[in-house]
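J.: Please see the structure below; I have some questions.
The values are calculated or read from the model by the stated rules, or taken from the named source; none is laboratory data. Fair warning: this is a prediction, and the values are worked out from it, not measured in the lab. Reconstructed Cβ throughout: ideal geometry from the backbone, glycine too, with neighbour counts over all protein chains shown. With ligands, DNA and RNA removed, areas are computed over all heavy atoms of the protein, side chains included. Shrake-Rupley method; radii C 1.70, N 1.55, O 1.52, S 1.80 Å.
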Amino acid sequence: MTWSVIDESTIISSTGCNATTVTADTIGTTLTCEATSEGGTSSQSVTFKRDATPPTVLYFGPSDGSSYLPGTVPEAGCTTLDALSGVATNATLSTSGGPSGSITVTCSGATDNAGNTAAAVSVTYNIVDTTAPSITYIFDTNGTVPVNGWYGNNLTLTWVVTEPESPDTLVLDGCEDQIITGDLPITTFSCSATSAGGTAGPVTITFGNDKTAPDMTFTGLTADAIYPLSAVPVPVCEATDATSGMADGFPTLTYDGGPLGTVVAICSAKDVYGNTRQIGVHYTVIDDTAPVITPTLDPATPDAANGWYSSDITVSWTVEDESPISASAGCDTTTLDTDTTGATLTCEATSAGGTSSQSVTIKRDATAPVVSVTGVADGASYVAGSVPAAGCTTVDATSGVATDATLLAPAVGRSDRSPRPAPEQRTTPVTPVACP
């Protein structure tokens, strides 16, 4: 501080008018210069304030270099003080880093009314992450319901990995989002994550995608062909599926219509997911086979020897054909109740496929053979020594004689103990002669 003292006459005396340098802060210092000349005495005072010291910034909160568990970090803050010119702008708190690991808090921006700016105050501390990352996923199937792990639509797999405490330390393994628009074999997708808080996973999801129906071949038939019934080709229906595989029971071969007229052979295939495919072939079948005629006998087999029946026989007929029977003869049920050496019954039937016939020959003999005694007369008496030779004859007019009757030999002798007559008067009683 310098003074200028001016007067028309000589300055006789002065006080406090030397140059003064103020080097210390002051909230208010007054300097006075007084001078005397012939013209009198005068004085002049100047009061000034000096503040060359920045504000004082005080920090409170976590200690520099300390470590804290999540949720235990003290609250940080700043206080600004200035004893001279006063605080113009308080220090503000800013944070960098975190939310886990190394964190720096800074109090900065403090100024006083003299325009001095305080140096920033910083503290660095650590938050220890004790929680591993969280792994979830969003699987959008567009409403498709899985079948044995298979889908059949556009699929989107989105991994959601969160690590709020130490995101800068997060390392992923897998976790690749997937957009699937085509076929996919059964595949396992996984996601693992590691951070300062630990390791999570792997979290996995397994699925396949099958949007394609089975491949199919259908051979053997020609579309719109005309086939005779006896020569319709045997169709071959084959199918494969390269993705989910064929469902149980497929492929199948079914027919619509038939056996004559318009027929549709349908080859159907379905894979495990449920994709289906069908191939149909139209063709026409005409009847080229005559009816099938089957006789039924009751009794079914001969009830006597050597193929003969000895009781009534009922013969009925079954006539079958793919087309209607247009005419038949001799196909009514017949019962044979008389003996015959061989009666032939014939059933003849006609359809669009032609005419056929079937015959059965039946032998019936319900009559026993006729047996006669020869040589002697029934009830006759003969003189001893003149008895004719006895014999048997067997006759059967139908099935014939299988075994001739045999003669039971007679017993000859006296029938009582009466007196013996003269020789010329003697007769010999004969026991009955039998041909059983």
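J.: Give the residues of the range 308-342 that are under 12 Å from residue 365 (Cβ atoms) and surrounded by 12 or more Cβ atoms within 10 Å (Cβ to Cβ), sorted by residue number.
T.: 308, 309, 310, 311, 313, 336, 339, 340, 341
J.: Within the set of pairs 6 or more residues apart or between chains, which connect a residue that is assigned to a loop (DSSP other than H, G, I, E, B) inside the range 132-148 to a residue that is acidic (Asp, Glu) with Cβ atoms less than 6 Å apart?
T.: 133/163
J.: Kindly indicate whether residue 231 is closer than 30 Å to residue 147 by Cα, of a type outside the set (Lys, Arg) and touching a residue at least 40 places away in the same chain (Cβ under 8 Å).
T.: The answer is no for residue 231.
J.: Go through 271, 312, 298 for me and flag whichever is over 30 Å from residue 336 (Cα atoms), in contact with a strand residue (DSSP E or B) (Cβ under 8 Å, 6 or more places away or on another chain) and in contact (Cβ under 8 Å) with a residue 12 or more places away in the chain.
T.: 271
J.: One residue is enough: does the range 169-189 have a residue meeting the conditions farther than 28 Å from residue 68 by Cβ and of a type in the set (Phe, Trp, Tyr)?
T.: Of all residues in the range 169-189, those farther than 28 Å from residue 68 by Cβ come to 173-189.
Filter again for of a type in the set (Phe, Trp, Tyr), leaving 189.
Yes, there is a match, as at least one residue in the range 169-189 is farther than 28 Å from residue 68 by Cβ and of a type in the set (Phe, Trp, Tyr).
J.: Write out, first by first residue and then by second, each pair whose Cβ atoms fall under 7 Å of each other, whose residues are 6+ apart or on separate chains, and whose first residue, in the range 384-395, is within 15 Å of residue 408 (Cβ to Cβ) while the second is open to solvent by 60 Å² or more (accessible area, probe 1.4 Å) and among the hydroxyl-bearing types (Ser, Thr, Tyr).
T.: Within 7 Å, the pairs are 392/406.
J.: On to the next question. Inside the range 195-241, can you point out the residues that are open to solvent by less than 50 Å² (accessible area, probe 1.4 Å), assigned to a strand (DSSP E or B), more than 15 Å from residue 279 (Cβ to Cβ) and of a type outside the set (Gly, Ala, Ser)?
T.: The answer is 203, 205, 207, 209, 227, 228.
J.: Based on this model, can you work out whether residue 298 counts as at pLDDT 95 or above and open to solvent by 50 Å² or more (accessible area, probe 1.4 Å)?
T.: Spelling it out, residue 298 is indeed at pLDDT 95 or above and open to solvent by 50 Å² or more (accessible area, probe 1.4 Å).
J.: How many residues are part of a loop (DSSP other than H, G, I, E, B) and either open to solvent by 40 Å² or more (accessible area, probe 1.4 Å) or within 13 Å of residue 135 (Cα to Cα) (or both) when one looks only at the range 167-194? Steps first, answer last, please.
T.: Going residue by residue through the range 167-194, those that are part of a loop (DSSP other than H, G, I, E, B) are 170, 175-177, 181-183.
If we keep only those that are either open to solvent by 40 Å² or more (accessible area, probe 1.4 Å) or within 13 Å of residue 135 (Cα to Cα) (or both) too, we end up with 170, 175-177, 181, 183.
The number of residues fulfilling the criteria is 6.
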